[in-house]
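What follows is one structure encoded as structure tokens, with my remarks underneath.
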Amino acid sequence: MAKMTKEEVIEVAHLARLAITDEEATHFADQLEAITNAMELLSELDTENVEPTTHVLPMVNVLREDKAEAGLDRELVLKNVKEHEAGQIKVPTILD
Amino acid sequence: MGLADKTAAELQEMIHTKETTIVEMAEKAFDRIAAVDSKVDAFLALDKEGALKKAAQLDDTPMNKRGPLFGLPIGVKDNIVTEGIETTASSRILEGFNPIYNATVVEKLNAAGMVIVGKLNMDEFAMGSSNENSYYKNTKNPWNLETVPGGSSGGSAAAVAAGEVPFTLGSDTGGSIRQPAAFCGVVGMKPTYGRVSRFGLIAYASSLDQIGPLTRTVKDNALLLNAIAGHDDKDSTSANVEVPDFTAAVTGDINGLRIGVPKEYFADGVGEAAKQAVRDALKVLEEKGATWEEISLPHSKYALATYYLIASSEASSNLSRFDGIRYGYRTEKAGNLLEFYMNTRSEGFGDEVKRRIMLGTYALSSGYYDAYYKKAQKVRTLIKQDFDKAFEKYDVIIGPTTPTPAFKIGEKIDDPLTMYANDILTIPVNLAGVPAISIPCGFENGLPLGLQIIGKYFDEETVYRVADVFEQATDFHKKTPQVWEGAAQ
């Protein structure tokens, strides 16, 4: 396993849509290096023939009847929207 | 008329004999909160108007139509959505968020006739062990206001310990109900994964998260689990299994009970007082007819690394929904769409949340997926098998809930790995998905210690039975913390 470097922290922050300063990147890299170092412990286990667990209980797909149900009221849905107009969500201008 | 030290049954008796009313009881809860919460800081939001209005309606219900929780006050952790009451998960990114629907557990509290008084502080998005990761405030431990209440359900545990409300709901992903319950000297249950619907629980790590009750006594805890358990069409991971009456399991009889005590839970990092309190507890249970043997859960030491990889990976995916568009915090500094997302999220999330999002994104990224995420899922299988094997021979597994009692505020916040180590004894339970409770079992320097009782899948009944026998044989749960002195009871 690899440890997280500062360059990787910057790359990962971008992928996760987090803006971080150079100073923060250094700080997070120190901490995440220590954390990923501690995770190395797992590599001493031989898991070649072990099945991964995604859920602890047996899961089956649950399908409901294909029948339309009423959705949420639009007024309600817009209740937490910062800015809206004519039933639509307003966002800042994002095209250059 | 004191309410703070009363059980549900005693409170019902007071209502039925007309010694008090539901409205009076709700008013008393708000008086108590006004008296102690300036010290404890457990509540983020209060709904006094809504609660008193509801209480007045409930008072009109005929006595024969009321259940055991009817009219009793409850507080809800702030990652559980409540229609009309601000719900933030203690994050800036949800500041001012006012849900338009109720979580299934909240609907169930309403159906039971409970009165929701407010929302409880927590570590942001349930990531933390001390409540220091809340964007809004630090909750203090009622036993010593310079120490942490634990986390992430720190507000839920502190509110019960301080006598503000007799019931709260918390959530537990890696110990977030049991660890604060231990630190605050209350009873906290993490039910089997799937026992309680997660619909309306703001997701942290979906394969681990579970909602559960915090109370002063074991019987009250079982009562509250009765009210919130059960399959829900809105949560496809909720288990379609029968829900027993958990209070009926509290029989007082543990004759012939077989207890496994994992040697790994008595390792070097676990404090001597915590170990001794468990040894003393085992003696009490032996006197009541149980037997115990030392066992091994050999993969315990891998649980912490496994947990942080799986939980962070799931969190990085779950928290991608917070983008500032439809609800929540929105940046004011954005020249284009990418900057809008990045600034919104950077300004809206705290450092611990960012660390876990980055770790999870890394563990899921191409090239590292097999080495980190898939590896962790495989080790999770080994940890689950440890429990499966132990439960072939034993009815419950018992150990300490935490290595030490509550620590000082500020002591561990700058060192994530030391902070994570608080949860080494609770995390394996979430990875396996089995139920476990923490109950008070002793003190170290005036701070409570917790006894952890772990059960088989969907066997909360045995866990409650054992917990109740210990509680009835001891008086740790009757001790009250420093903030009780002089406060309105």
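The values are calculated or read from the model by the stated rules, or taken from the named source; none is laboratory data. Please read all numbers here as calculations on a predicted model, not as lab measurements. Positions of Cβ are backbone-derived with ideal geometry, glycine not excepted, and every protein chain shown enters the neighbour counts.
Looking at (1) charged (D, E, K, R); (2) buried (at least 16 other Cβ atoms within 10 Å of the Cβ); (3) assigned to a helix (DSSP H, G or I), which is the only condition residue A:23 fails?
Answer for residue A:23: the failing condition is (2).
Is it fair to say residue B:47 is of a type in the set (Asp, Glu), crowded, with 17+ Cβ neighbours inside 10 Å and touching a strand residue (DSSP E or B) at 6+ places or on another chain (Cβ under 9 Å)?
On the way: of a type in the set (Asp, Glu): yes; crowded, with 17+ Cβ neighbours inside 10 Å: yes; touching a strand residue (DSSP E or B) at 6+ places or on another chain (Cβ under 9 Å): yes.
Here the answer is yes, as residue B:47 does meet what is asked.
Restricting to segment B:251-290, what's the tally of residues that are of a type in the set (Ser, Thr, Tyr) and surrounded by 13 or more Cβ atoms within 10 Å (Cβ to Cβ)? Reasoning before the result, please.
Restricting attention to segment B:251-290, the residues satisfying the condition of being of a type in the set (Ser, Thr, Tyr) are B:251, B:265.
Still in the running and surrounded by 13 or more Cβ atoms within 10 Å (Cβ to Cβ): B:265.
Number satisfying all stated conditions: 1.
Among the numbered conditions (1) more than 24 Å from residue B:99 (Cα to Cα); (2) modelled with pLDDT of 95 or more; (3) at the interface with another protein chain (Cβ under 8 Å from one of its Cβ atoms), tell me where residue B:313 comes up short.
(3)
For segment B:411-430, enumerate the residues that are of a type outside the set (A, V, I, L, M), in a loop (DSSP other than H, G, I, E, B) and modelled with pLDDT of 95 or more.
Of segment B:411-430, the ones of a type outside the set (A, V, I, L, M) are B:411-412, B:414-416, B:418, B:420, B:422-423, B:426, B:428, B:430.
Still in the running and in a loop (DSSP other than H, G, I, E, B): B:411-412, B:414-415, B:426.
Of everything in segment B:411-430, just one residue is of a type outside the set (A, V, I, L, M), in a loop (DSSP other than H, G, I, E, B) and modelled with pLDDT of 95 or more, namely B:426.
Between residues in segment B:385-397 that are among the aromatic types (Phe, Trp, Tyr) and residues that are assigned to a helix (DSSP H, G or I), which pairs lie under 7 Å by C-beta distance while being six or more apart or on different chains?
Cβ pairs passing all conditions: B:387/B:432.
State whether the residues of segment B:335-344 include one that is buried (at least 20 other Cβ atoms within 10 Å of the Cβ) and either more than 7 Å from chain A (Cβ to nearest Cβ) or among the β-branched types (Val, Ile, Thr) (or both).
Yes: segment B:335-344 contains one or more residues that are buried (at least 20 other Cβ atoms within 10 Å of the Cβ) and either more than 7 Å from chain A (Cβ to nearest Cβ) or among the β-branched types (Val, Ile, Thr) (or both).
Residue by residue, here is whether (1) acidic (Asp, Glu); (2) more than 27 Å from residue B:420 (Cβ to Cβ); (3) more than 7 Å from chain B (Cβ to nearest Cβ) holds:
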| position | (1), (2), (3) |
| --- | --- |
| A:3 | no, no, yes |
| A:29 | no, no, yes |
| A:33 | yes, no, yes |
| A:40 | yes, no, yes |
| A:51 | yes, no, no |
| A:56 | no, no, no |
| A:71 | no, yes, yes |
| A:81 | no, yes, no |
| A:92 | no, yes, no |
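Looking only at segment A:45-54, which residues are under 25 Å from residue B:196 (Cβ atoms) and exposed (fewer than 14 other Cβ atoms within 10 Å of the Cβ)?
Scanning segment A:45-54 gives a single hit, A:54.
Need the failing condition index for residue A:60 against (1) more than 8 Å from chain B (Cβ to nearest Cβ); (2) farther than 22 Å from residue B:232 by Cα, just the number.
Condition (2) is where residue A:60 drops out.
Mind checking whether some residue in segment B:358-375 is touching a Gly at 6+ places or on another chain (Cβ under 8 Å) and either surrounded by fewer than 21 Cβ atoms within 10 Å (Cβ to Cβ) or at the interface with chain A (Cβ under 7 Å from one of its Cβ atoms) (or both)?
We begin by selecting, within segment B:358-375, every residue touching a Gly at 6+ places or on another chain (Cβ under 8 Å); these are none.
For segment B:358-375, residues touching a Gly at 6+ places or on another chain (Cβ under 8 Å) and either surrounded by fewer than 21 Cβ atoms within 10 Å (Cβ to Cβ) or at the interface with chain A (Cβ under 7 Å from one of its Cβ atoms) (or both): absent.
On the phi > 0 side of the Ramachandran plot and out of contact with any Leu (no Cβ under 9 Å at 6 or more places or on another chain): is that true of residue A:86 in this structure? Outline the logic, then answer.
On the way: on the phi > 0 side of the Ramachandran plot: yes; out of contact with any Leu (no Cβ under 9 Å at 6 or more places or on another chain): yes.
Taking the combined requirement at face value, the residue satisfies it.
Of everything in segment B:119-136 that's within 14 Å of the chain's Cα centre (by Cα) and in a loop (DSSP other than H, G, I, E, B), which residue is surrounded by the most Cβ atoms within 10 Å (Cβ to Cβ)?
B:122
Select from segment B:180-237 the residues that are assigned to a helix (DSSP H, G or I) and touching a Lys or Arg at 6+ places or on another chain (Cβ under 7 Å) and write down the one among them that is surrounded by the fewest Cβ atoms within 10 Å (Cβ to Cβ). It would help to see each step written out before you state the result.
As a first pass, look at segment B:180-237 and keep what is assigned to a helix (DSSP H, G or I): B:180-184, B:218-228.
Now drop any that are not touching a Lys or Arg at 6+ places or on another chain (Cβ under 7 Å), which leaves B:227-228.
Numbers: B:227: 21, B:228: 23.
Filtering first and then ranking leaves B:227.
In segment B:316-334, which residue that is of a type in the set (D, E, K, R) and more than 8 Å from chain A (Cβ to nearest Cβ) is surrounded by the fewest Cβ atoms within 10 Å (Cβ to Cβ)?
The first filter runs over segment B:316-334 and keeps only residues of a type in the set (D, E, K, R), leaving B:321, B:323, B:326, B:330, B:332-333.
Still in the running and more than 8 Å from chain A (Cβ to nearest Cβ): B:321, B:332-333.
Numbers: B:321: 12, B:332: 8, B:333: 11.
Top of the filtered list is B:332.
Whether any residue in segment B:288-305 is of a type in the set (D, E, K, R), closer than 26 Å to residue B:213 by Cβ and part of a strand (DSSP E or B) is what I want to check. Steps first, please.
First, pick out the residues of segment B:288-305 that are of a type in the set (D, E, K, R): B:288, B:293-294, B:301.
Checking the rest, the ones that are also closer than 26 Å to residue B:213 by Cβ come to B:288.
Then drop every residue that is not part of a strand (DSSP E or B), which leaves none.
Taking every residue of segment B:288-305 in turn, none turns out to be of a type in the set (D, E, K, R), closer than 26 Å to residue B:213 by Cβ and part of a strand (DSSP E or B).
Against the definition (within 23 Å of the chain's Cα centre (by Cα), away from chain A (no Cβ under 14 Å) and of a type outside the set (Asp, Glu)), how does residue B:284 come out, yes or no?
No, not satisfied.
Just checking, does segment A:30-44 include any residue being β-branched (Val, Ile, Thr), in a loop (DSSP other than H, G, I, E, B) and without any contact (Cβ under 8 Å) to a residue 40 or more places away in the chain? Explain how you work it out, then say what you get.
Residues of segment A:30-44 that are β-branched (Val, Ile, Thr), as a first pass: A:35-36.
From what's left, in a loop (DSSP other than H, G, I, E, B): none.
Checking segment A:30-44: not a single residue is β-branched (Val, Ile, Thr), in a loop (DSSP other than H, G, I, E, B) and without any contact (Cβ under 8 Å) to a residue 40 or more places away in the chain.
Report yes if residue B:463 is buried (at least 21 other Cβ atoms within 10 Å of the Cβ), assigned to a helix (DSSP H, G or I) and under 18 Å from the mean Cα position of the chain (by Cα), otherwise no.
Values: buried (at least 21 other Cβ atoms within 10 Å of the Cβ): yes; assigned to a helix (DSSP H, G or I): yes; under 18 Å from the mean Cα position of the chain (by Cα): yes.
Yes: the conditions hold for residue B:463.
Any idea how many residues of segment B:257-273 are β-branched (Val, Ile, Thr) and part of a loop (DSSP other than H, G, I, E, B)?
Step one: of segment B:257-273, the residues β-branched (Val, Ile, Thr) are B:259, B:261, B:270.
Checking the rest, the ones that are also part of a loop (DSSP other than H, G, I, E, B) come to B:270.
The number of residues fulfilling the criteria is 1.
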